[in-house]
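Encoded as structure tokens, the structure appears first; notes follow it.
The values are calculated or read from the model by the stated rules, or taken from the named source; none is laboratory data. This is a predicted model, so every value here is computed, not measured. So basically every Cβ, Gly included, is an ideal-geometry build from the backbone, and we count neighbours across all protein chains shown. These accessible areas exclude ligands, DNA and RNA; they are computed on the full protein's heavy atoms, side chains included. Shrake-Rupley method; radii C 1.70, N 1.55, O 1.52, S 1.80 Å.
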Amino acid sequence: TAAAFGSFRFVIKGGLAGAAVYVAYDQGLLGSGTQGAEALRKAQEALPPAIQEWTSYVGWEVRTLPPIPKIDFSPSDSWNKGVQTVISALSVAPTRACEYTVEGWKYVKDLVK
């Protein structure tokens, strides 16, 4: 029975992970930068009414919700910045590797003396 319970937990976790990936794909979060920005804008618009509806359903009285912080985030700009950083690191990698090799040899020679 323990093995069956473990298998059941694995299936549940796999299903939840698959559903999360599907929802992210369906909402455009895995698409281009503009699709991600649009999905973020939709989430910012939908979140306050959803929280208000949920709290009224549960029976909690929420007088006023604090404003949702404005997120000035552009997925396309972040993606471009990341690509530029990676390309920059790759372009200086041979030079850095040579510098680190020279420093390493110098360190080893100092240890041998």
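Brief remarks on what is shown
- Simple spin-label estimate for Val11 and Asp110 in nanometres, 7 Å along Cα-Cβ: 6.2
- Stretch gain in nm, segment Ala89-Leu47, where the contour uses 0.36 nm per residue and the Cα spacing is subtracted: 11.3 nm
- Accessible surface of Glu38, taken over heavy atoms with a 1.4 Å probe and every protein chain present, rounds to 70 Å².
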